[in-house]
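The values are calculated or read from the model by the stated rules, or taken from the named source; none is laboratory data. These figures come from a predicted structure and were not determined experimentally. Cβ coordinates were reconstructed from backbone atoms using ideal geometry, including for glycine residues, and neighbour counts include every protein chain displayed.
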Amino acid sequence: MRPLSILAALAAGMLPVLGSHAASAGERQPFEVVKGWEVERTVGDTSANPCLMTHAYEDEDDNNAANAVVFALRGSSAALVLVYQGWRFDKEEPIKVPLFLDKKPIKVKTTWIGDGKTLRTQLPDSVVPDLLAAKTVILRFEDSDADFRIPNFAAGYEALRRCDATPAAATAPQPSQPGAAALQAVPAQPTAPAQPPTPSQQRIAAYVVGLSVQRVLKECDVTSTGKQRAAVDARMAALQPELAPLEAQLRSELKRNGETCPPTDKQADFQEILRKMIELSPEDFVAALEKQPAAENAAKAAPDSKL
């Protein structure tokens, strides 16, 4: 993998060329963590529903595969995103698949949109009572069922409504569990923007680095846990909607600059990058990477104090 400072600079350099195609999504603040659900608020979103709730976990019955469920209200509809480590959907692939909550079929006409490890859809908010009573979201494919656990959905939903009802100026972010902010999968959509703003250089840079981290985790002999991979996938799923118009060009540029695996003497550096990507917001992650070369150069220039 190329040095992270080079990747960040690459992403920033591509901003003027690519930025005009980007969709909008803002930075998020932690609001509350309750019974396995993390509720977050999109900074600057003035709509009636600026918040989302996320539950992420590893499925012990499926080789500890990473799963995540993300839910948000959008006026009279609801956004639902499912993330599964084993999925490999084409970009913007339409999927027709029945939805069940526990054993109850939900008879609404909807199309799921696949993208890599995620499926997303919009549902009428009339499904909320069924979600409040359910413990499992099930997609019934022809060959098998895809089950997603939603324990304590009602508690998470109550926190989501509190977040939506809290004025932006009064929102006081609460400390969240380490890495919890990484478990995001759906962007909050502002109401009918005339001109979607361009993603910041930091968010583009974070996405470029994330693409490399995902490739290394998949292709290279590096140490990682299922929980770490789940957090990385969820972080990228959260960024992907706003960076989707740029992704093909970003991947092409990465390939052009060369893709390798971290050598043995750089394994510790990769683990530190992995940790920061999971624990920090995209903006703080890129800021930490930008500080790293300066710190290393200062250490090299410092006189040796050992006599």
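Among the conditions (1) buried (at least 18 other Cβ atoms within 10 Å of the Cβ); (2) among the β-branched types (V, I, T); (3) over 21 Å from L52 (Cα atoms), V108 misses just one, which is (1). Being within 25 Å of G75 (Cβ to Cβ) and either surrounded by 17 or more Cβ atoms within 10 Å (Cβ to Cβ) or modelled with pLDDT of 80 or more (or both): is that true of A194 here? No. Scanning the range 122-144 for residues that are touching a residue at least 40 places away in the same chain (Cβ under 8 Å) and either assigned to a helix (DSSP H, G or I) or of a type in the set (D, E, K, R) (or both) yields D125, V127, V128, L131, R140. Looking across S252, S224, one residue alone is at pLDDT below 80 and of a type in the set (S, T, Y). It is S252. For the range 211-236, the tally of residues that are surrounded by fewer than 24 Cβ atoms within 10 Å (Cβ to Cβ) and among the small types (G, A, S) stands at 3.
Across the range 49-64, the number of residues qualifying as surrounded by fewer than 23 Cβ atoms within 10 Å (Cβ to Cβ) and out of contact with any Lys or Arg (no Cβ under 9 Å at 6 or more places or on another chain) comes to 4. Among the residues examined, S47 does not qualify as in contact with a strand residue (DSSP E or B) (Cβ under 7 Å, 6 or more places away or on another chain) and either among the hydroxyl-bearing types (S, T, Y) or in contact (Cβ under 8 Å) with a residue 24 or more places away in the chain (or both).
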